Amino acid sequence: MSGYTDKIREISQRLLKDCSVEMIIGFRKGTQPMMNEPFVVRSAEDVDQLIWDSNCGINLTNYLTNRTEKIGIIAKGCDSRNIVTHILENKIKRDQLVIIGVPCRGMIDRRRIAMLAEGEVLAVTETDDAIVVKTGTGENEYKKSDVLQQNCKVCVHRNPVIHDELVAEPVEEQQDIDRYADVRDIEARKPEEKWAFFDELLAPCIRCYACKNACPLCYCPTCFVDEAKPQWLGKSQDPMDIRTFHFLRAYHCAGRCTDCGACERACPVGINMRLLTKKLEKDCLDQYGWEAGMSLDSRPALDIYRPDDPEAFIK
Amino acid sequence: MKVIKIDKKDWAKGIKALHKAYGLIGPVKEKEYFTFQVLSGGTIPDLEFRNTRLSPKAVVFPQSEDMFEYSLDDSREDHHLLKEVEKDYSPRVVFGIRPCDAKALELVKMNFDTDEYKDPYWLNLYEATTFVGMACDSPCSTCFCTTAGTGPYHEEGLDVLMADNGDSYLAKLLTDKGEKLATSAGWADSAGKSDVLAAKKTAAEAKIVSTVSTEALSGKDALELYNADFWEDVSFACINCGTCTYVCPTCWCFDIQDEVHGKSGKRMRTWDSCMFPIFTVHTTGHNPRATKLQRVRQRFMHKLKYFVDKYDKGIMCVGCGRCVRQCPVNIDIRRVCETMNSFGSDNTCAVQSS
Ligand code: SF4
Ligand code: SF4
Ligand code: SF4
Ligand code: SF4
C-alpha cells in the first residue's frame, strides 16, 4: 500500500487549493499502535497529517451524516458502499462529495495481533504483505493475510464502487471466497444451541453502544435505545435488554449493512455482533440477490416491492 | 508501618483462610481479558495481569444496582410503597487492585461522601471492603500515573500494598483494616528492616514513560477554555459511545430508572455517561448538551478543569490509560490535556507578574 499516503495528500491538497471542497475527511496517525484517528483537514497546509495504512478500519461515512459542506472523503470499498447507501437514504447529497477512492487490501485485526503477541504491543509497522509487531521482548512478523479483520478476509468488494478520484489502480478482488461459513454454522444448530451461543456471545456487553455509534447506518436522531416516551428498553445490565438491543439494531441494518466491520472493531470487549448483521446480509443476497450500496440506480431490498419477491417466510 | 512477607507457598492457604471471614474479589482471566470477579470458594486471585480492561470501580459502584422495590397491586397492603432492597454489606476484600485504581476511589469518594450528602450505597460497599493493592513492576506504555497524582507504588486508598518479590510477596499493612486482614489470613512473618520496597518503587517509577502536563490548568480561565476553537477538532472523531467513561475508574455519573414488570417494579441506578445524547436531557425536551462537541467538551472540562477548580486535588484522572487504549477512534486524553494545558495566554503568569 506504499504510495497511497502520498497520493492521498496530493489529491487532497489539490482539492483544497482549488476550492473544490471545504474539507477532507480522512485519517491521521493515532497515538496507539494499530489505531488511526478519523480526522478532518480544512486547509492545504495540514494535508501532511493525512495517512493511509492497514489501520483505517473505522468507516468514515459515519462522519458524513447530515453535513452541509462540500466534502472530500477518503473511501475504501466498504466506505464507498456506505456512501452510496447514505446518498440513497438522503443523508448526504452526491454533489456535495468528492470521493477519493482507495483500492483496499484489507485492514488488520488489532485484537488478534494483541492476542498473538507476547507481552504488550509497542509498535506495528507494515510492508505490502507483512506486518511487523514489536513488543517488549522482541519482534515478530506475520503474513498480513493471516491477521486480517474477519470481514476483510471475506470481502469481495475491495475497490470503491463509486469515486471521483482513485489513489491507485484497482486491486484484484478476492475470488472463491466462502463469505458465510460462520452464519451457516449457526444456522445448522438446534434452537437451544443457538440460544446458548448468543447468550455467551453477548454476555460481556457493557452497553457502551460503541458498535452502533461506529455504524454509519445508525443515524436516527434518537435511537430506540434512548427513547423515553415510550421507553422501549430498560437501561440495566439485564440480559434481556442487552439481547433486545442487539437483535433490534441488527434488524434496523437489514439490507443496508455492507459488513464493513466498524462495529466489531469498535467494541471494547471484543464481541462479534457482526454475526447478526451477516445473517441478514446473507438472507438479502439469497432471497433478493441484493447487496447493499453497490449502485445509486437501484433501490434497497426493503425499500421496494417486486411481484416475484420470495414469500416463503410468510407463514 | 508494618511490612510482612508472604511466602508464595503460603499464599493459597491464606486465601482459603480468608474465605471464611470475607467475601473475596479479585482479577480472573476470562478468555483473553482480566476482570474483577467474586472468587467462589477456593479460587485464587490471579495476580499475573498488567491491567484489567474495566476498572474495579464496580466493586463499590455496580453498573446497575437495585435500590428500591415496590408493588402496584392495589390488593396488597404495601402497594405503591418504596421498600429498600436487602443488601449484603458483610466484609469483603478486593485483591490485586492497582494503585491508580485505588487513588481513583479516593477521588470518587469526594463525590459520594460530602458534608451535605452521603451516598449510602457507595459508602456501605466502600466501608465493607478491604482494598489490597498490587504494585506495578511492569507498567503499560500508556500508563501516565506518575504525572496524574499517583504511581505504581502509590498507597492512597489502599489498606494493604503488595509487591511481588520473587518467591514471596511483600505486603505493607497501611491501615487497621489491612492489619486485620493479614491476621485472619495468618500472614505474620515480618519482612524485617529492608528497603527493598523503596528500591522497587524507584525502579517502577522509572519505567513510566508516558506523561501529562497539568500545572497550568488551574490558572486558565474556565470560560476561555470552554469557548476555545480546538474543541471542534478534538471532538471530530468521537462517536459518543460510553467506552471512555465506562472504563474509567474516576467517572462517577449515574442515572436512576424505574422498571416495572407486570405489577412489580424496582428503582435502580445505572452508570451514565456524559458522552450519551440523553445525559441530563430535561423533561421539557431541552438538551443542554445537544451536540457532540458539547458532550466531548464536558468530559474533558470536567476531568481537567471543573474538578481541578472545585476540589484543588489535581485532575480527575489517575493516568490508568484505559480510555486511551480502548477508545475506538483513538481520542487520547493526553493529547487533549496538552492542548488545554498549553492553551492561550497563561493567566497565572499574568497575575504573578503584576
Ligand atoms: S460495542 Fe460491544 S460492549 Fe459496547 S454496546 Fe456494542 S457489543 Fe456491547
Ligand atoms: S472519546 Fe472515544 S471512547 Fe469516548 S465517547 Fe468518544 S469515541 Fe467513545
Ligand atoms: S480518564 Fe482515562 S486515563 Fe484517566 S483515569 Fe479515566 S480511563 Fe484512566
Ligand atoms: S460528567 Fe462525564 S467525565 Fe465527568 S464523571 Fe460524569 S461521565 Fe465522567
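Bear in mind these aren't lab numbers, they're just calculated from the coordinates by the rules spelled out. Quick caveat: nothing in here was measured; it's all calculated off a predicted structure. Cβ coordinates were reconstructed from backbone atoms using ideal geometry, including for glycine residues, and neighbour counts include every protein chain displayed.
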Please identify the pairs in which a residue from the range B:324-340 that is within 15 Å of B:Asn240 (Cα to Cα) has its Cβ atom under 8 Å from the Cβ atom of a residue that is charged (D, E, K, R) and in a loop (DSSP other than H, G, I, E, B), counting only partners at least 6 apart or on another chain. B:Val324/B:Asp332; B:Gln326/B:Arg53
Just for the range A:194-215: of the residues that are within 12 Å of chain B (Cβ to nearest Cβ) and either loosely packed, with under 14 Cβ neighbours inside 10 Å or of a type in the set (S, T, N, Q) (or both), which one is nearest to ligand 2 (Cβ to nearest atom)? A:Asn213
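Quick check on the range B:47-57: of everything there that is under 20 Å from B:Ala163 (Cα atoms) and within 13 Å of chain A (Cβ to nearest Cβ), which residue is nearest to the chain's Cα centre (by Cα)?
Across the range B:47-57, the extreme among qualifying residues is B:Ser55.
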Filter the range B:125-177 down to the residues that are within 30 Å of B:Glu86 (Cβ to Cβ) and part of a strand (DSSP E or B), then identify the one that is nearest to ligand 3 (Cβ to nearest atom). B:Phe131
Does at least one position in the range B:89-107 carry a residue that is assigned to a helix (DSSP H, G or I), basic (Lys, Arg) and more than 14 Å from chain A (Cβ to nearest Cβ)? yes
Does A:Ser20 satisfy being more than 13 Å from chain B (Cβ to nearest Cβ), crowded, with 20+ Cβ neighbours inside 10 Å and among the hydroxyl-bearing types (Ser, Thr, Tyr)? no
Count, please, the residues in the range B:123-154 that happen to be surrounded by fewer than 20 Cβ atoms within 10 Å (Cβ to Cβ), over 13 Å from B:Ile208 (Cα atoms) and touching a strand residue (DSSP E or B) at 6+ places or on another chain (Cβ under 7 Å). 2
Residues of the range B:195-226 that turn out to be part of a helix (DSSP H, G or I) and of a type in the set (Ser, Thr, Tyr), as a count: 3
Tell me, which helices (runs of 4 or more DSSP H) lie completely within the range B:227-301 with 3 or more residues that are within 16 Å of ligand 3 (Cβ to nearest atom)? B:243-247, B:292-301
Scanning the range B:304-324 residue by residue, the ones that are among the basic types (Lys, Arg) and surrounded by 23 or more Cβ atoms within 10 Å (Cβ to Cβ) total 1
Which residue out of B:Ile4, B:Ile15, B:Ile44 is within 24 Å of the chain's Cα centre (by Cα) and over 26 Å from B:Trp271 (Cα atoms)? B:Ile44
What are the residue pairs meeting all of these: first residue in the range B:270-298, first residue within 16 Å of A:Pro221 (Cβ to Cβ), second residue away from ligand 1 (no atom under 16 Å from the Cβ) and among the hydroxyl-bearing types (Ser, Thr, Tyr), Cβ atoms under 6 Å, and 6 or more apart or on different chains? B:Lys292/B:Ser235
If you scan the range A:216-234, which residues turn out to be touching a Phe, Trp or Tyr at 6+ places or on another chain (Cβ under 8 Å) and more than 9 Å from chain B (Cβ to nearest Cβ)? A:Phe224, A:Val225, A:Trp232, A:Leu233
Name every residue in the range B:304-325 that is within 12 Å of chain A (Cβ to nearest Cβ) and near ligand 3 (Cβ under 8 Å from one of its atoms), in order of residue number. B:Gly321, B:Arg322, B:Cys323, B:Val324
For the range B:259-268, state whether one or more residues are within 11 Å of chain A (Cβ to nearest Cβ), away from ligand 4 (no atom under 16 Å from the Cβ), without any contact (Cβ under 8 Å) to a residue 60 or more places away in the chain and of a type in the set (Asp, Glu). yes
For the range B:47-88, give me each residue that is in a strand (DSSP E or B) and closer than 16 Å to B:Thr270 by Cα. B:Ser64, B:Glu65, B:Asp66, B:Met67, B:Phe68, B:Glu69
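The rows are residues; the columns are (1) of a type in the set (Gly, Ala, Ser); (2) away from ligand 1 (no atom under 16 Å from the Cβ); (3) over 29 Å from A:Asn213 (Cβ atoms).
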| site | (1), (2), (3) |
| --- | --- |
| B:Lys200 | no, yes, yes |
| B:Ala203 | yes, yes, yes |
| B:Ala206 | yes, yes, yes |
| B:Ala216 | yes, yes, yes |
| B:Leu223 | no, yes, yes |
| B:Trp231 | no, yes, no |
| B:Ser235 | yes, yes, no |
| B:Thr250 | no, yes, no |
| B:Phe254 | no, yes, no |
For residues in the range A:257-282 being over 12 Å from A:Ile58 (Cβ atoms), at the interface with chain B (Cβ under 10 Å from one of its Cβ atoms) and surrounded by 22 or more Cβ atoms within 10 Å (Cβ to Cβ), which is nearest to ligand 4 (Cβ to nearest atom)? A:Pro268
For the range B:215-245 the number of residues that are buried (at least 16 other Cβ atoms within 10 Å of the Cβ), more than 16 Å from ligand 4 (Cβ to nearest atom) and farther than 15 Å from B:Gly344 by Cβ is 2
When the residues of the range A:104-127 are narrowed to those that are of a type in the set (Gly, Ala, Ser) and in a loop (DSSP other than H, G, I, E, B), which ends up nearest to B:Thr142 (Cα to Cα)? A:Gly119
In the set B:Ser218, B:Ser210, which member is within 18 Å of B:Thr147 (Cβ to Cβ), touching a residue at least 60 places away in the same chain (Cβ under 8 Å) and more than 16 Å from ligand 3 (Cβ to nearest atom)? B:Ser218
Please name all residue pairs, on different chains or six or more residues apart, with Cβ atoms under 7 Å, provided the first residue is in the range B:124-153 and is on the phi > 0 side of the Ramachandran plot and the second residue is within 16 Å of ligand 4 (Cβ to nearest atom) and not in a loop (DSSP other than H, G, I, E, B). B:Gly149/B:Lys103
Take B:Gly314 and decide whether it is away from ligand 1 (no atom under 16 Å from the Cβ) and under 24 Å from the mean Cα position of the chain (by Cα). yes
Selection count where residues are within 16 Å of ligand 2 (Cβ to nearest atom) and within 14 Å of chain A (Cβ to nearest Cβ), scope the range B:269-303: 18
Do the conditions hold for B:Asp74, that is, is it touching a strand residue (DSSP E or B) at 6+ places or on another chain (Cβ under 6 Å) and surrounded by fewer than 19 Cβ atoms within 10 Å (Cβ to Cβ)? no
Just one of (1) within 16 Å of the chain's Cα centre (by Cα); (2) touching a residue at least 40 places away in the same chain (Cβ under 8 Å) trips up B:Ala185, so point out which. (1)
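Considering the range B:311-343 alone, what residues qualify as being in a helix (DSSP H, G or I) and more than 13 Å from ligand 2 (Cβ to nearest atom)?
B:Tyr311, B:Cys337, B:Glu338, B:Thr339, B:Met340, B:Asn341
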